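A short worksheet on the structure shown next.
The values are calculated or read from the model by the stated rules, or taken from the named source; none is laboratory data. Values in this document were obtained by computation on a predicted structure and should not be read as measured data. Every residue, glycine as well, gets a Cβ built from its backbone with ideal geometry; the counts of neighbours run over all protein chains shown.
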Amino acid sequence: MTGQPNKDILWMERLREDDASAFTEIYEAYREKLLAVAYNRLSDIQAAEDIVQDVFASLWNQRHNRQINNAGAYLATAVKYKILDRFRREQLLRQYQEVYSTNIPVNVAEPEMTYQYKHILQLLQEEVNKLPEKCQLIFRYSREQGMPVKEIAQTLNISSKTVENQLTKALRQLKGSIRHLFSIFFSFFF
């Protein structure tokens, strides 16, 4: 992806001058390579396309603020970091889902544990209820109804990226609450 540094420099100069054709040339030169890299890591063509689109959108939006001499290297690095961000976000979602959807078998002979377990779930629901309305709706579609990001986006007529951002926001907000609930949980069950 680094084969044409002189051409890259010229493209980037033209891009900084708002030359849309330079953007098109960069896009055509690197899109397939970047898509292959993203798909190789994600094994999901839609996710790979979303990441590549985000990277190109960022390139256009930041064209006046960045000094880029090697578009190929810059774009490849940007894709790499977008993939890492996606993995981190997915890991956070999985962690929350494990806590949120865990059905811990509670021995009926121990009513105090049953009560505490129900109380913890109630506290968790209260934290979810504190989320902003749109964030809460997206979170409930994802976690309670099991809807995938793309389906939520179509249902609400918003972009998949917005859905992902709202889920990330919800998880960040709930993260502190979950830590607190974990400490309560472990004090009662272990």
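Under 30 Å from residue 151 (Cβ atoms), modelled with pLDDT of 90 or more and among the acidic types (Asp, Glu): which single residue out of 32, 25 fits that description?
Numbers: 25 fails: under 30 Å from residue 151 (Cβ atoms).
Result of the check over 32, 25: 32.
For region 18-56, the candidate set comprises residues that are among the charged types (D, E, K, R) and not in a helix (DSSP H, G or I); within that set, the residue that is farthest from residue 7 (Cα to Cα) is 44.
If you check residue 138 against the conditions, is it modelled with pLDDT of 90 or more, over 30 Å from residue 29 (Cβ atoms) and assigned to a helix (DSSP H, G or I)? It would help to see each step written out before you state the result.
On the way: modelled with pLDDT of 90 or more: yes; over 30 Å from residue 29 (Cβ atoms): yes; assigned to a helix (DSSP H, G or I): yes.
So residue 138 passes the test.
Hey, any hits in region 139-161 for a residue that's acidic (Asp, Glu), farther than 23 Å from residue 82 by Cβ and in contact (Cβ under 8 Å) with a residue 24 or more places away in the chain?
First, pick out the residues of region 139-161 that are acidic (Asp, Glu): 144, 151.
Applying the additional criterion that residues be farther than 23 Å from residue 82 by Cβ yields 144.
The next check asks that each one be in contact (Cβ under 8 Å) with a residue 24 or more places away in the chain; those that pass are none.
No: zero hits.
Against the definition (surrounded by 14 or more Cβ atoms within 10 Å (Cβ to Cβ), outside any helix (DSSP H, G or I) and either in the same structural domain as residue 125 (by TED's automatic domain parsing) or at pLDDT 90 or above (or both)), how does residue 158 come out, yes or no? Steps first, please.
Numbers: surrounded by 14 or more Cβ atoms within 10 Å (Cβ to Cβ): yes; outside any helix (DSSP H, G or I): yes; either in the same structural domain as residue 125 (by TED's automatic domain parsing) or at pLDDT 90 or above (or both): yes.
So residue 158 fits the description; yes.
Residues considered: 32, 25, 17, 13. Of these, the only one that is in contact with a helix residue (DSSP H, G or I) (Cβ under 7 Å, 6 or more places away or on another chain), assigned by TED's automatic domain parsing to the domain that holds residue 67 and of a type in the set (Asp, Glu) is 25.
Scanning region 46-56 for residues that are modelled with pLDDT of 90 or more and of a type in the set (A, V, I, L, M, F, W, C) yields 48, 51, 52, 55, 56.
Evaluation of residue 92 against the conditions (1) surrounded by 13 or more Cβ atoms within 10 Å (Cβ to Cβ); (2) at pLDDT below 80; (3) assigned by TED's automatic domain parsing to the domain that holds residue 166; (4) not hydroxyl-bearing (Ser, Thr, Tyr) shows that the sole unmet condition is (3).
Scanning region 20-55 for residues that are in contact (Cβ under 8 Å) with a residue 24 or more places away in the chain, surrounded by 16 or more Cβ atoms within 10 Å (Cβ to Cβ) and closer than 15 Å to residue 83 by Cβ turns up 34, 37, 38, 41, 42, 47, 50, 51, 52, 54, 55. Identify all residues within region 57-75 that are touching a residue at least 12 places away in the same chain (Cβ under 8 Å), assigned to a helix (DSSP H, G or I) and more than 17 Å from residue 7 (Cβ to Cβ); write none if there are none. If the condition is that a residue be touching a residue at least 12 places away in the same chain (Cβ under 8 Å), assigned to a helix (DSSP H, G or I) and more than 17 Å from residue 7 (Cβ to Cβ), then 58, 60 are the ones that fit.
Could you please find all residues in region 36-69 being within 16 Å of residue 24 (Cα to Cα) and not charged (D, E, K, R)? Before the answer, list the steps.
Initially, region 36-69 is screened for residues within 16 Å of residue 24 (Cα to Cα), giving 52-63.
52, 53, 55, 56, 57, 58, 59, 60, 61, 62 - these are the residues of region 36-69 that are within 16 Å of residue 24 (Cα to Cα) and not charged (D, E, K, R).
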